[in-house]
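Please treat every number below as a calculation from the coordinates, not as lab data. Every value quoted in this text rests on a predicted model; they were computed, and no experiment measured them. As a convention, Cβ positions derive from the backbone with ideal geometry for all residues, glycine included, and neighbour counts pool all protein chains shown.
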Amino acid sequence: MTELDVVFRARRVITTAGEVARCVGVRNGSIVAIEPYDAELDADRVIELDSDEVLLPGLVDSHVHVNDPGRSEWEGFASATRAAAAGGVTTIIDMPLNSIPPTTDVAALEVKRKTATGQAFVDVGFWGGAVPGNLADLRGLHDAGVFGFKCFLLHSGVDEFPHLEPDDLQAAMREVRSFGALMIVHAEDSHAIDHAPAAHGESYRDFLASRPRGAENLAIAQVIELARWTGCRMHVLHLSSSDALPMIRSARRDGLQLTVETCPHYLTFSAEEIADGATQFKCCPPIREADNRELLWQGVADGTIDCIVSDHSPCTPELKRFDIGDFGVAWGGISSLQLGLPAIWTEARRRGHALTDVVRWMASGPAAQAGLLRKGQIARGYAADLCVFAPDDAFVVDVERLHHKNPVTPYAGRPLAGVVRSTWLRGERIDLTDQPRGRLLTRGGA
């Protein structure tokens, strides 16, 4: 074999064959060799992992709100992708809302790409948005390379990204189906929310009652039936209600093209432990009870839930309204992009899962769901996007050491297992003090 650019030699490598001792050879940013640990591979550089380190594929986070441009004081491409790299994430896909303009037409997509150019420390793709009145824009966005289309079934939280009523949703699904694209859905039923008690005050229990499981269950049932009628590929975002798992399993048995994600916060926290006024925990749909969390873990373990992604949705500290602790007016969103891997590993190993499982949930799973054909695995022909992870190391979350723009997260002060020692993009170590080398991805060209 001709000389390689770099070889990674590790006693523990998570490959498609499981956890094995291997040499991984990289040339021109791609993995071109996976050989036994003692193989003599000629390379410019050889990276020998320590005995306590595991070589993982770089994680793929397909649910990130970068908020740039327009709300760059909340987050930006430089800060978000630094946080991603520090957490072992080598690819993110940016959501179409919370930025201004939202990504609902090609012109807005170009504004976002221009903003991201030269700022990304990891690779970045983009979702498009489906909103009332932009049906004619969806094909253009698809042709411009978005990975699919996000919609809401209730108020999104920002007025510039309105939600779809059932007839509009069906029309958008038929349009998206016509060119083989993916529709991703924030599934909470607006009418159920309207009839629930209004969110107000410091009580987390009252906030939880304002976003009942039934609202999620109704919306997911509607998504399933519309998928049955239209044949559209559908993805349910940030599942928090375990009640929906049986109907998801049933839909798949019927042959529907339906995938589902959940998030680290739903698998880590429980409603019982959230103090009144602790608005750093507010997100929509909400963090539910401990028994619900354990059922979500069962759904992850049995494959009903396809992947775990962050739904990183940051804001400024002021918008969390710590001054009054009111869940009714605080911004709903969890900042966790840098912490997803240790958060999930902490909970997963407690339940008897292995790193091979975590890689399936957080790397190969989201890569497959988004159509990133050369991401999320350590395999020949794949991008040499890698994470050096020390699973038996531990740390306590210090918000001042996070790379998110604003030091707000419910993980603050929480002990977590597993430390990301380094992150590599196309065979080059990511240096957070150097020039960003991430690429802007397009569907198909990724």
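What shape does region 36-83 have by the C-alpha gyration tensor, where a ≥ b ≥ c are the square roots of the eigenvalues, rounded means a/c under 1.5, and otherwise prolate means a/b greater than b/c and oblate the rest? It comes out prolate by the Cα gyration axes. The local environment of VAL20, defined by Cβ-Cβ distances under 10 Å, has a net charge of +2 under the rule Lys, Arg +1 and Asp, Glu -1. The Rg/Rh ratio of region 4-51, with Rg taken over Cα atoms and Rh as the Kirkwood radius over Cα pairs, comes to 0.94.
Each label was represented as a point 7 Å from its Cα along the Cα-to-Cβ direction; for GLU428 and GLU400 these points are 3.3 nm apart.
When restricted to Cα atoms, the chain yields an Rg and a Dmax of 21.0, 67 Å, respectively. For THR356 and ASP392, a Förster radius of 22 Å and the Cβ-Cβ distance give a FRET efficiency of 0.85, rounded to the nearest 0.05.
If you take the Cα centroid of region 35-62 and the Cα centroid of region 211-247, the two points sit 40 Å apart. Relative to the current alpha-carbon distance between ASP206 and THR316, full extension at 0.36 nm per residue lengthens the span by 37.2 nm. In this Cβ point-charge picture (+1 for Lys and Arg, -1 for Asp and Glu), the chain has a dipole of about 880 debye about its Cα centre. Under a 10 Å cutoff between Cα atoms, tell me which one of ALA198, ALA390, ALA417 has the largest fluctuation in the Gaussian network model of the chain. Between ALA198, ALA390, ALA417, it is ALA198 that shows the largest mean-square fluctuation.
Taking VAL396, VAL236, VAL89 in turn, the Gaussian network model of the chain (Cα-Cα springs below 10 Å) assigns the largest fluctuation to VAL396.
Of the residues GLY277, GLY148, GLY58, the one that moves most in a GNM of the chain with alpha-carbon contacts below 10 Å is GLY277. Taking a Cβ cut-off of under 12 Å around ASP68, the surrounding Lys, Arg, Asp and Glu residues balance to a net charge of +2, with basic ones at +1 and acidic ones at -1.
Binning all Cα-Cα separations of region 1-152 at 10 Å, short to long from zero, yields these whole-percent fractions: 11, 31, 24, 20, 13, 2, 0.
Overall, the ratio between the Cα radius of gyration of region 82-190 and 2.2 N^0.38 Å, rounded to two decimals, is 1.08. Full extension of the chain segment joining TRP229 with ARG421 gains 64.3 nm, where the gain is 0.36 nm per residue of separation less the Cα-Cα distance.
Using the Cα centre of the chain as origin and beta-carbon charges of +1 (Lys, Arg) and -1 (Asp, Glu), tell me which of TYR411, ALA221, SER30 is placed farthest towards the positive end of the dipole. In the chain, that residue is SER30.
Charged neighbours of ALA219, selected by a Cβ distance under 9 Å, balance to -3 (K, R count +1; D, E count -1).
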